[in-house]
Amino acid sequence: MKHLLIALLALALIAGCNKTEEPANTDKNGTDVAAEDTSMDDTNVTSSDESTDPDGDDTGEVTGQTDDTETTSAPSASSKGLVASLKGGWTGKLELDPAQIEEARKSGISEEQIQQQLSIVKGLVFKLELRDDMTFTMSAQTPGGPQSADSTWEVKDDKTIILNPPKEMASAGGSEPSVLVVSSDKKTLTMNDPSGQSKTKTVYKKD
């Protein structure tokens with residue numbers, strides 16, 4: 001049922017949350033082999049901390065240092081009103097593109113199979129909790145069991161918010177940020193098909 005399963009776009013945000021840990025590398029004797037350490041040690045960092053000009057004076061320039069601290073940017077003053085309006089619980093439902101259903105029928109898939117898959121898709125309910133510290137939790141009861149994910153969100157403008165993918169998915173290149181359009185009355189959030197190839201969308205209503 002490939003055509004209709006593609007419609008489960010909202011699951012992209014939480015699909016990679018239950019990743020299994022990769023087994024340790026072992027040599028031929030079964031002994032654990034540590035992964036090669038490519039990070040710079042203290043010596044390497046301090047050796048490039050300072051540079052000198054041609055006259056031998058310290059320039060004070062600091063290089064080779066990175067800040068790995070994860071931060072969540074605070075909303076600007078202009079967006080605080082929107083954050084206040086949107087924070088709280090939301091319930092989302094998938095709305096399928098009728099053209100995708102017709103495509104499934106034309107491909108020779110039986111009507112019984114189509115209705116079975118439609119029943120699964122229509123039964124999906126997504127819960128989204130937006131918090132004013134710019135974090136969120138998304139959860140869903142799926143055929144494979146309950147799924148959930150936590151990450152950060154941000155205000156793009158007065159009509160759009162961004163849900164950032166969970167850290168473990170982003171680092172693996174498994175997902176792009178999700179764009180949700182805010183209705184004029186601030187009571188509906190709509191996530192359209194990010195590929196732009198269908199009219200399938202997930203519509204969230206304020207709880």
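Each reported figure results from applying straightforward, stated rules to the coordinates on display, with no laboratory input. In this text the structure is predicted, and so the values were computed from the model without any measurement. Here the Cβ is made from the backbone with ideal geometry for all residues, glycine too, and neighbour counts use every protein chain on show.
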Exercise. Take every Cα-Cα pair in the range 75-206 and report what % of them are more than 26 Å apart.
Key: 29 percent
Practice problem: Report the label-to-label distance for Thr135 and Gln113 in nanometres (one decimal), using points 7 Å from each Cα along the Cα→Cβ vector. | Solution: 4.4 nm
Self-check item: Within the range 77-114: backbone nitrogen closer than 19 Å to the Ser184 label point (7 Å, Cα to C-beta)
Solution: 82, 85-86
Self-check item: Where trypsin sites (Lys or Arg not before Pro) fall in DSSP loop in the range 141-207, at most 13 other Cβ within 10 Å
Solution: Lys159, Lys187, Lys199
